[in-house]
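See structure below.
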Amino acid sequence: SEQAWPLLLRWVLAGEAARSSVGSEQARPLAPPLGPKQARMEADGVVPSPDQAAGPSLLVDPAWLQGLMLRQERRFVILEVLFPGEAAQGEHMPSSPTCRRCIPGAVSVHPSYFEAGADVARYYPNYSTPQDGNLLPDELLCDTVAQLGITSDTLVVVYGKGCAHTMGACRAQWALMYSGVREVRLLDGGFSAWERHGGDVAKAPAVPQAAARFFSGGAGSCRHDLLATSAEVAAVSAGSGRGTIVDVRKRGEYEGWLTDNYGFFASAGHIPSAVHQGNWDELVQTGENDDLKLRSLQEVAARWSALGLSAANGPLIF
C-alpha cells in the first residue's frame, strides 16, 4: 500500500502546532445558535476563550470548543468522525437516534470518507485490496473535503464517536492536514468527553454546504511531507533511507498469526526492521472515565524512549 494509517500523538500535534497560526478571518462560522447550556455558561462568565482554554495547540478540550462556539468570531467546521460498531459495519450512518446525537452543528463522516468519498460500499471493512485504504488522489481528495464545507483556510475541529473513535478521529485529522487544511484541532476524548463536560447535544448531524473551491485563490497543494510512500518505507526498511518504521498493531498482527482485520492482504506479518510499539490503544487512556484520551506527551516519550524511538533518527513512519 502506498500509504500508512498514522496515529497522531501528543508530541506530533505539539510539533505541528508550531506550524499553525490562528488567522484573522471574520466570516460567520458554520455554527448554530447557542444551546441553553452554552448560553447559561456564557452569561455566568464561566466559559474561557479558546486561547485561554488550550492555547494554539492542535489538541483541544471541550471548554476550548465551547468557547469557540460561543464567541462565533470566525468561520469553523465541527467534523464528527463516526466509526460504527460491529453491528453497523459497512453503514455510513447508523439509524439509531443515540448514534445520531452529536455536537450542535457538526457534520458527520465515516473515517473511510477520505478514501472513497460518498461511495459507502467501499468503506472499511469492505476493502478488497490494501490500496482501498489509501487516501483519494490529491485533487479528488481536496474536492471531497470541499463537499463538507471545508476549505484550506477553514478552522476544523475533529472529534470521534463510536468504535475506536480516537483512531478514526486521528486518521481524519491527518487526512485533512495532508489535504492542505491549515488549522485542524482534535477534541481530546471525543463525543464522550463533550457529554461528560455537559455540552449541548443536537439530535442529528448538520447537512454540509459544499465550498465552491478548496484552495483560496484556486492555488495550493497537498502536504506530501505528511505521507510516506511504499518506496520511502522500503528504503528505510532496507537501511538506505533515514527514519524508523513503527508498527502500531496488535502483537498477533505484527507476528503474522492474527489476520482477522486484514483479509484483503495476501501476506501477514510486519515490514522488516519495523519496531512494534504495541497496539494503537496503548497510546490512549483506557480508564473508566478517560474517554480514550491520548496519553500525555511525557508518557508517550517515556514509552518510545524505552523502545529506542527518537525523532533524532529521522522521520517516524507508522
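Matching residues to (1) within 20 Å of LEU58 (Cα to Cα); (2) open to solvent by less than 30 Å² (accessible area, probe 1.4 Å):
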| residue | (1), (2) |
| --- | --- |
| HIS270 | no, no |
| SER273 | no, no |
| TRP280 | yes, no |
| VAL284 | yes, yes |
| TRP304 | no, yes |
| GLY308 | no, no |
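Apart from one condition, ALA204 fits all of (1) open to solvent by less than 30 Å² (accessible area, probe 1.4 Å); (2) touching a helix residue (DSSP H, G or I) at 6+ places or on another chain (Cβ under 7 Å); the exception is (1).
Looking only at residues in the stretch 131-190 that are assigned to a strand (DSSP E or B) and of a type outside the set (A, V, I, L, M, F, W, C), which one is nearest to PHE215 (Cα to Cα)?
Going through the qualifying residues, I end up with GLU183.
Checking each residue in the stretch 250-286 for being touching a residue at least 24 places away in the same chain (Cβ under 8 Å) and touching a Phe, Trp or Tyr at 6+ places or on another chain (Cβ under 6 Å) picks out PHE264, HIS276. Give the residue that is least open to solvent (accessible area, probe 1.4 Å), with candidates limited to residues of the stretch 287-302 that are over 27 Å from GLU232 (Cβ atoms) and either touching a residue at least 60 places away in the same chain (Cβ under 8 Å) or under 17 Å from the mean Cα position of the chain (by Cα) (or both). Only one residue tops the list, namely ASP291. When you scan the stretch 151-167, do you find a residue that is under 19 Å from ALA116 (Cβ atoms), open to solvent by 10 Å² or more (accessible area, probe 1.4 Å) and touching a helix residue (DSSP H, G or I) at 6+ places or on another chain (Cβ under 6 Å), even just one? Checked against the condition, which is being under 19 Å from ALA116 (Cβ atoms), open to solvent by 10 Å² or more (accessible area, probe 1.4 Å) and touching a helix residue (DSSP H, G or I) at 6+ places or on another chain (Cβ under 6 Å), the stretch 151-167 yields at least one hit.
How many residues are closer than 22 Å to VAL300 by Cα, in a loop (DSSP other than H, G, I, E, B) and within 21 Å of the chain's Cα centre (by Cα) if we restrict to the stretch 233-286? Looking only at that region, the number is 8. Summed over the stretch 91-130, residues that are open to solvent by 30 Å² or more (accessible area, probe 1.4 Å) and either among the small types (Gly, Ala, Ser) or modelled with pLDDT of 90 or more (or both) total 9.
This table checks each residue for (1) touching a helix residue (DSSP H, G or I) at 6+ places or on another chain (Cβ under 8 Å); (2) open to solvent by less than 40 Å² (accessible area, probe 1.4 Å); (3) aromatic (Phe, Trp, Tyr).
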{"position": "GLY180", "(1), (2), (3)": "yes, yes, no"}
{"position": "ASP188", "(1), (2), (3)": "no, yes, no"}
{"position": "PHE191", "(1), (2), (3)": "yes, yes, yes"}
{"position": "TRP194", "(1), (2), (3)": "yes, yes, yes"}
{"position": "GLY198", "(1), (2), (3)": "yes, yes, no"}
{"position": "PRO208", "(1), (2), (3)": "no, no, no"}
{"position": "SER216", "(1), (2), (3)": "no, no, no"}
{"position": "SER221", "(1), (2), (3)": "yes, no, no"}
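Selection of the stretch 135-161 for residues being among the hydroxyl-bearing types (Ser, Thr, Tyr) and at positive phi yields an empty set.
The values are calculated or read from the model by the stated rules, or taken from the named source; none is laboratory data. Predicted, not measured: the structure shown is a model, and the values here were computed from it. Cβ coordinates were reconstructed from backbone atoms using ideal geometry, including for glycine residues, and neighbour counts include every protein chain displayed. Ligands, DNA and RNA are excluded from the accessible area calculation, which covers all protein heavy atoms including side chains. Shrake-Rupley method; radii C 1.70, N 1.55, O 1.52, S 1.80 Å.
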